[in-house]
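Visitor: Okay, here's the structure, questions in a sec.
Nothing in this text is a laboratory measurement; each read-out follows from the coordinates by a stated rule. Since this is a predicted model, take the numbers as computed values, not measurements. Methodologically, a virtual Cβ is constructed for each residue, glycine included, from the backbone with ideal geometry; neighbour enumeration extends over all protein chains shown.
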Amino acid sequence: MTQEQSSDLFGNVIAHRNNNVFAVALNIGGECDASVPKPVAREVFRIIPGDPVAIRQSSPPRLNRIVGFSPCLYYKRYWDEDSGGRCSGWGGSHFFFEVHPDGWVARQLQAFDNGELILYDETCDEDEFGGRSTVQLDAREYAPFLIARSEFVSNWKPDLAANRSRNSGEP
């Protein structure tokens, strides 16, 4: 994967269009289609909706290029209050954040004391349970809560999430 460039944009994959072309929601707003060059495709191997990616802009008529996964940081922070609403009575919760280098949250999960999970990414940004953070996270403020990517990934369980298909009938 190439090193992060100041001209790189960050976003999350929305859908696989065809062959090596993906729809990407950009952190700066809007969407774009981006292709994955073969050397990058071999390195990242499998890209799925929700994945955080780095995009290198290209001049038309060429497509923008996915240059690799976004070099995200991962945080875990405990909230010792009831979230209310649909989550009322579930207890406190750990918030897990996958954060792009520009501070925007790529994916977010909330693991409640009672064992329930809710997850947010590009495929489910907001629902009746709540929503993904809409503010940039300050890396200095969150530094004490830094965790390894593996801890985030091991807790990301869409099949068990209360706000995914098991309860709502929607993805």
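Visitor: Where a ≥ b ≥ c are the square roots of the eigenvalues of the C-alpha gyration tensor, would you call the stretch 9-69 rounded, which needs a/c under 1.5, or, failing that, prolate if a/b is larger than b/c, or oblate? Before the final figure, lay out the partial values.
Guide: Values: a/c = 1.45, a/b = 1.13, b/c = 1.28.
It comes out rounded by the Cα gyration axes.
Visitor: Then there is this: What number, rounded to the nearest 500 deg cm²/dmol, is the helix-based mean residue ellipticity at 222 nm of the chain, given -39500 (n - 2.57) per DSSP H run of at least four residues and division by all its residues?
Guide: -2500 deg cm²/dmol
Visitor: In addition: How big is the dipole moment of the chain about its Cα centre under a simple scheme where the beta carbon of each Lys and Arg is +1, that of each Asp and Glu is -1, and everything else is neutral? Debye, nearest 20, please. The partial results should precede the final answer.
Guide: On the way: 17 positive and 24 negative charges, 172 e Å.
Roughly 820 debye, rounded to the nearest 20.
Visitor: How many percent of all Cα-Cα pairs in the stretch 34-83 sit more than 16 Å apart? List each step's numbers first, then the result.
Guide: Values: 648 of 1225 pairs.
The share of Cα pairs beyond 16 Å in the stretch 34-83 comes to 53 percent.
Visitor: Could you work out the equivalent-ellipsoid semi-axes for the stretch 73-168, taking the square root of 5 times each eigenvalue of the Cα gyration tensor, largest first, in whole Å?
Guide: Values: eigenvalues 86, 43, 33 Å².
Equivalent-ellipsoid dimensions as semi-axes: 21, 15, 13 Å.
Visitor: Run the simple label-point estimate for Asp82 and Phe95 please: 7 Å along Cα→C-beta, distance reported in nm.
Guide: Here the modelled spin labels are 2.0 nm apart.
Visitor: Restricted to Cα positions, what overall size does the chain have along the principal axes? Three whole-Å values, descending.
Guide: 53, 39, 27
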